[in-house]
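The values are calculated or read from the model by the stated rules, or taken from the named source; none is laboratory data. Worth saying up front: this structure is predicted, and the values here are computed from it rather than measured. Note that we place each Cβ from the backbone using ideal geometry, even for glycine, and neighbour counts take in every protein chain shown.
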Amino acid sequence: MLAALFKESGYDIPPRFERLTYADAMERFGCDRPDLRYALEVFDASEVFRGSEFGIANSALAAGGRVRGIRIPGGAALSRKQVDEIEAIAKLAGAGGLIRLKRGASGLEGPAAKFVSESGAQRLAIGEGDLCLLVAGAEHVTSPALDRVRQDVAQRLAMVPEDKRSFLWVTDFPLFIREQNGALSSVHHPFTAPNPEDIKLLESSPEKVRALAYDVVFNGTELGGGSIRINDPALQRKVLSLLGIDSQTAQLRFGFLLDALSAGAPPHGGIALGMDRIAMMLAGASSLRDVIAFPKTTAARALFENAPSAVPPEDLRDLHLQTMTD
């Protein structure tokens, strides 16, 4: 359906959309909706600094984190001011800062260069005139920071080919995420089916369970997402219990669903597409506001309908409401 829709709008459609698992997307690009029209893949540089006297890297590694970064061909030509601007973007995404390394005619340059051995320099694989930007920390820090850095650098250095299209399915999302308080929460929703191969991990390692969930991505923008649903009532109760919902509460809140599953619901699933976003892409617009008939202002006002507007006092009385000034 998506292929037919985009083809009708003049796009060249590949015979098969590329696929990446969630784990691969996060490892190689730092996000679950990567734009594959350009490279700048994230790589692990932890071993380059392991055992060195570089305090920033040592602190991250000792805490179980990593040092990850991207190589930027020709990036050494960026000015100090430009790299500072890129670093500011990384900080907004949660990074403490960027580790900067570039290779000049005489070798590696940058504050961290003195901590990199010759073998480490070879492992970095930075060519002359290239720049390497690295982030040290846990996954939830390095991934979003490098994602933002990657996108900014690609735009800044005009690395995004305007005539290229990237369609992608991202699969095998995790079923759960572990919150800071130790509780589990659903990555998609509590009715997403776990991968049958991972059901055995529900008790011992629920964070490692993959979900039968998927997103479709176009040029780095998510067009829609969906999943196969749980159709086994016992499995559904198990998933709810892992989310901290006991049997009694589950029956009270979701009894209609559990009873329906007990009646023999077949395997089922689907996908929800963002039609406004798809319309934006097909129209070549840069904002959803350009394709919505009655967009709201930043103050949440609908100018065409003149909403919100004053409500007659008798309507408020009928609803047993009163304004703060009454």
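No other residue among Asp84, Asp35, Asp24 is assigned to a helix (DSSP H, G or I), closer than 26 Å to Val187 by Cβ and of a type outside the set (A, V, I, L, M) apart from Asp24. When Leu5, Leu36 are checked against the criterion of being crowded, with 17+ Cβ neighbours inside 10 Å and not charged (D, E, K, R), a single residue qualifies: Leu36.
Scanning region 161-185 for residues that are at pLDDT 95 or above, under 30 Å from Tyr11 (Cβ atoms) and assigned to a loop (DSSP other than H, G, I, E, B) turns up Asp172, Phe173. Return yes when Gly51 is outside any helix (DSSP H, G or I), within 18 Å of Gly120 (Cβ to Cβ), without any contact (Cβ under 8 Å) to a residue 24 or more places away in the chain and of a type outside the set (A, V, I, L, M) and no when it is not. In short, yes. When region 169-183 is limited to residues that are crowded, with 18+ Cβ neighbours inside 10 Å and either free of Cβ contacts under 8 Å to residues at least 24 places away in the same chain or touching a Pro at 6+ places or on another chain (Cβ under 7 Å) (or both), the one that is farthest from Asp232 (Cα to Cα) turns out to be Phe176.
Do you know which of the residues in region 287-326 that are in a loop (DSSP other than H, G, I, E, B) and charged (D, E, K, R) is surrounded by the fewest Cβ atoms within 10 Å (Cβ to Cβ)?
Asp326
Taken together, the residues in region 111-147 that are buried (at least 20 other Cβ atoms within 10 Å of the Cβ), out of contact with any Pro (no Cβ under 9 Å at 6 or more places or on another chain) and among the charged types (D, E, K, R) amount to 0. Within the set Ala90, Ala95, the sole residue that is assigned to a loop (DSSP other than H, G, I, E, B), without any contact (Cβ under 8 Å) to a residue 60 or more places away in the chain, crowded, with 21+ Cβ neighbours inside 10 Å and within 24 Å of the chain's Cα centre (by Cα) turns out to be Ala95.
So Glu47 passes all but one of these: (1) exposed (fewer than 15 other Cβ atoms within 10 Å of the Cβ); (2) within 12 Å of the chain's Cα centre (by Cα). Which condition number does it fail? The number of the failed condition is (2). Scanning region 1-38 for residues that are over 15 Å from Val217 (Cα atoms) and either without any contact (Cβ under 8 Å) to a residue 60 or more places away in the chain or in contact with a Gly (Cβ under 7 Å, 6 or more places away or on another chain) (or both) turns up Ala4, Lys7, Glu8, Gly10, Pro15, Glu27, Arg28. The residues of region 268-298 that are farther than 15 Å from Thr221 by Cβ and modelled with pLDDT under 90, listed by number, are Arg289, Ile292, Ala293, Phe294, Pro295, Lys296, Thr297, Thr298. Inside region 118-169, residues that are within 23 Å of Asp84 (Cβ to Cβ) and of a type in the set (S, T, N, Q) make up a count of 4.
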